[in-house]
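Structure first, then comments.
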Amino acid sequence: MLTKFQTVASLYRQLGLRWLTFRFAYAFRLRTGLIRLQMPLYQWADRPLKTWLKENVPSQPDEYATWRKQNSPKFFFNDVGAGSPRPAFDWKFAIEEADRILSGEIKYFSHEFQKIGFPPDWHQDPISGIKIDASKHWSQISDEGETDIKFIWEANRFSFVYSLVRAYAFTHDEKYAKAFWQLTRSWVESNPPNAGPNWMDGQEMSLRLMAWTFGLYAFINSPSTTSQNIADLTTIIAAHAERIYSNTDFAIFTRGNHSITEALGLWMTGLLFPELKDAEKYLSFGRMSLEREAKNQIFSDGTYSMYSLNYHRFVLHIYLYAIRLAEINHCPLSPELKNSIANSITYLSQLIDPQTGEMPVYGSNDGALVLPLNNCDFNDYRPVLQLGSFITKGKRLFESGAWDEDLYWLCGPEALQSRVNAPQQTTQSYPDGGMYILSNAKSKAIIRCTHFKERPSHADQLHVDLWWNGHNIACDAGTNLYSGGGIWQNGLARTSVHNTVTVDSKDQMKMVSRFTWTDWAKGKVLQHGNDLWQGGHDGYKPVTHQRTVHMLDNDRWLIVDHLNDAQSHHYALHWLINDLPYTQKGSSLCLWPASHKYKVQMGLMNGEADFTVVRADPKSTRGWRSKYYGQKQPAISAMLEIDQTSAVFWTFFGFESDEIKLRGNVLRINSVEINF
């Protein structure tokens, strides 16, 4: 009882009374069944198209389809079917993926195909085989059951529509349009309104709305598109918008990307389907919410309040989609919103590795990719930065490549001729989001030290990612699974897998659920110059932890950790190293990331520490990383541990030929001496 009270008290201090009150009230609505009365079950036949339309709009399928084609608001493109020019991109991957969809395979989390059938069972997890009862009201289904609900939701997002559209544009083959309508019809038949897992989450429904709308505009003039298809799709879009609008307060109080996605779903429905009775309500509410959430969630320095780079890309896709669609229809969003998105593009352009397009796998990473409109890998952020730079600044960041295709779809072929203005990557501070960069000749250190303004994603204060010559040498573990059970229940969010120090094998904060931390550790930056960064956090009080990152000449780095208390503790310095060939000598690893031999060496100023190296431990989360949701890959976990009252750890990153000697309180690296 005391523990529960302490948890509630911590949530009250950090999230406020309104948040707590809403959560208790929402739980009451769920448990009493009140929410089922507010959003009741019904059948599609109970509410045909006529019940959703304004009085002056015809509702018979043939008449409505004609009206729709004549009065349709503008979209990113006019026609992608026969007679339209084929996009000048490599078409093989898009066609291969679209053909696999037709054979019953869908790419999960933008990476691995799963055989799910055509059409699939919309309520079955293809990994575990578990099905969720689709006859229940959505509020009676838990998202913490035997299976990870994301494996059911993934196919239901309809992200595969973008592949069908791309293949159709490249080939003008009607089989892709037929597949779109067949899958949509199957979904409708299997998912009556408010029944089953696919009506649980407004964000999932909004992503489905985006995909369906993209497909409607792409296939509207296809010979395979019937008047009944158009009428039916408008009906299910209207039902989705009503369900989202009825429960937006839940998304708003999650204080994250759900509210942005749902706002886009409503605003887009109101804008592109003005024939609906509630179109003006959706348009007004959606616009207001998009503007409000941009102010609340995107910090002034361009960083994002969910402390996750993948979720940052997620909301950028949402906002870029909205900004461009608003401009096309002559109802632009505010300059302030556009400026905040531009700041985010500038921020991310400093984090990205230009050689690979990758960034640190910082914070929660659930495999979400809102606009899969190119052949790039999921971890390549060049498509969103290319698109974002053009939409907000009229210039591209990168020379032409596969990452231009998003730009083609949303802005047209003319955008591909815009000027390239690649920013120089330099030492940077982003204090609102707690991200700091030190830039060396061919390497950079990315440091996290945050005074949290919103809910933390991972317990990763003072974590350091180190990049050298296109290689992520010291890396973040990522996420793997939110609901994996046991140690994999969002296990890679914990401090122990990050590149920092743990004290007494504890997290820096207290995890009370998969996504909720209490007693937030407060980070504080003490110094940030051109070649040195220093900061600390209070997550282990009374133990103090201070980290100093020294940038040495020619891509060499020294990281020093000071820990101190009056009592003895178990201190463990951990580094997660990319899975590269290596040899070990004492507490030193020599890596072979390319033609060079890169050294990682750890040490302790006083005392005898235990040094261990583990790769892919089958019984723990140690020695694993996850670049794609639901998948984990081996990594090298190096750890130095000691029990004493204070400890001064040091870690050197450099090259095999570097000489390191410790004498007293002086560490000599080649000819450079550093006093501790």
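The values are calculated or read from the model by the stated rules, or taken from the named source; none is laboratory data. Please read all numbers here as calculations on a predicted model, not as lab measurements. We place every Cβ from the backbone using ideal geometry, glycine too, and count neighbours over all the protein chains shown.
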**OP:** Take Pro581 and decide whether it is free of Cβ contacts under 8 Å to residues at least 12 places away in the same chain and over 15 Å from Gly603 (Cβ atoms).
**Re:** yes
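Within segment 591-604, how many residues turn out to be crowded, with 17+ Cβ neighbours inside 10 Å and not β-branched (Val, Ile, Thr)? Working first, answer last.
At the first step, the residues of segment 591-604 found to be crowded, with 17+ Cβ neighbours inside 10 Å are 591, 593, 598-604.
Those left that are additionally not β-branched (Val, Ile, Thr): 591, 593, 598-599, 601-604.
Count: 8.
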**OP:** Quick one: in segment 46-78, of everything that is outside any helix (DSSP H, G or I) and aliphatic (A, V, I, L, M), which residue is nearest to Tyr321 (Cα to Cα)?
**Re:** Leu53
**OP:** Determine if segment 197-218 includes at least one residue that is at pLDDT 95 or above and on the phi > 0 side of the Ramachandran plot.
**Re:** no
**OP:** Check Leu316, Leu371, Leu351 and return the single one that is crowded, with 22+ Cβ neighbours inside 10 Å and more than 26 Å from Ile149 (Cβ to Cβ).
**Re:** Leu351
Original post:
Just a yes or no: is a residue in segment 653-672 modelled with pLDDT under 95, under 30 Å from Asp507 (Cβ atoms), among the hydroxyl-bearing types (Ser, Thr, Tyr) and not in a strand (DSSP E or B)?
Top reply: no
Subject >> Residues being in contact (Cβ under 8 Å) with a residue 60 or more places away in the chain, outside any strand (DSSP E or B) and under 30 Å from Gly484 (Cβ atoms) - total across segment 592-648 >> reply: 7
Original post:
Quick one: Leu462 ticks every box in (1) surrounded by 24 or more Cβ atoms within 10 Å (Cβ to Cβ); (2) in contact with a Cys (Cβ under 9 Å, 6 or more places away or on another chain); (3) part of a strand (DSSP E or B) bar one, so which box is it?
Top reply: (3)
Subject >> segment 356-366: number of residues that are under 11 Å from the mean Cα position of the chain (by Cα) and crowded, with 22+ Cβ neighbours inside 10 Å >> reply: 5
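So which of Gln350, Gln355, Gln386 ends up being of a type in the set (S, T, N, Q) and modelled with pLDDT under 95?
Details: Gln350 fails: modelled with pLDDT under 95; Gln386 fails: modelled with pLDDT under 95.
Among Gln350, Gln355, Gln386, only Gln355 is of a type in the set (S, T, N, Q) and modelled with pLDDT under 95.
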**OP:** Keeping to segment 486-513, report how many residues are closer than 21 Å to Leu573 by Cα, part of a loop (DSSP other than H, G, I, E, B) and either modelled with pLDDT under 95 or not small (Gly, Ala, Ser) (or both).
**Re:** 9
**OP:** Can you confirm whether segment 380-399 contains a residue that is more than 15 Å from Thr346 (Cβ to Cβ) and touching a residue at least 60 places away in the same chain (Cβ under 8 Å)?
**Re:** no
**OP:** From (1) surrounded by fewer than 18 Cβ atoms within 10 Å (Cβ to Cβ); (2) more than 23 Å from Glu96 (Cα to Cα); (3) touching a residue at least 40 places away in the same chain (Cβ under 8 Å), pick out the condition that doesn't hold for His172.
**Re:** (2)
Original post:
When segment 218-235 is examined, which residues are found to be out of contact with any Pro (no Cβ under 8 Å at 6 or more places or on another chain) and buried (at least 20 other Cβ atoms within 10 Å of the Cβ)?
Top reply: Ala218, Phe219, Ile220, Ser222, Thr225, Asn229, Leu233, Thr234
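Tell me, yes or no, whether segment 126-145 has at least one residue that is closer than 25 Å to Ala195 by Cα and of a type in the set (Lys, Arg). Working first, answer last.
So the first thing to find is which residues in segment 126-145 are closer than 25 Å to Ala195 by Cα, and the list is 126-145.
Next, only the ones that are of a type in the set (Lys, Arg) stay: 131, 136.
Among the residues of segment 126-145, at least one is closer than 25 Å to Ala195 by Cα and of a type in the set (Lys, Arg), which makes the answer yes.
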Original post:
Can you tell me which of Ser190, Ser159, Ser206 is hydroxyl-bearing (Ser, Thr, Tyr), assigned by TED's automatic domain parsing to the domain that holds Phe109 and in contact with an Asp or Glu (Cβ under 7 Å, 6 or more places away or on another chain)?
Top reply: Ser206
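Yes/no per residue for (1) outside any strand (DSSP E or B); (2) buried (at least 21 other Cβ atoms within 10 Å of the Cβ); (3) not polar (S, T, N, Q):
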| position | (1), (2), (3) |
| --- | --- |
| Pro542 | yes, no, yes |
| Arg547 | no, yes, yes |
| Val560 | no, no, yes |
| Leu563 | no, yes, yes |
| His570 | no, no, yes |
| Leu573 | no, yes, yes |
| Leu576 | no, yes, yes |
| Thr583 | no, no, no |
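So which residues in segment 501-522 are aliphatic (A, V, I, L, M) and closer than 19 Å to Val464 by Cα?
Residues of segment 501-522 that are aliphatic (A, V, I, L, M), as a first pass: 501, 503, 509, 511-512, 521.
Answer for segment 501-522, where residues must be aliphatic (A, V, I, L, M) and closer than 19 Å to Val464 by Cα: Val501, Val503, Met509, Ala521.
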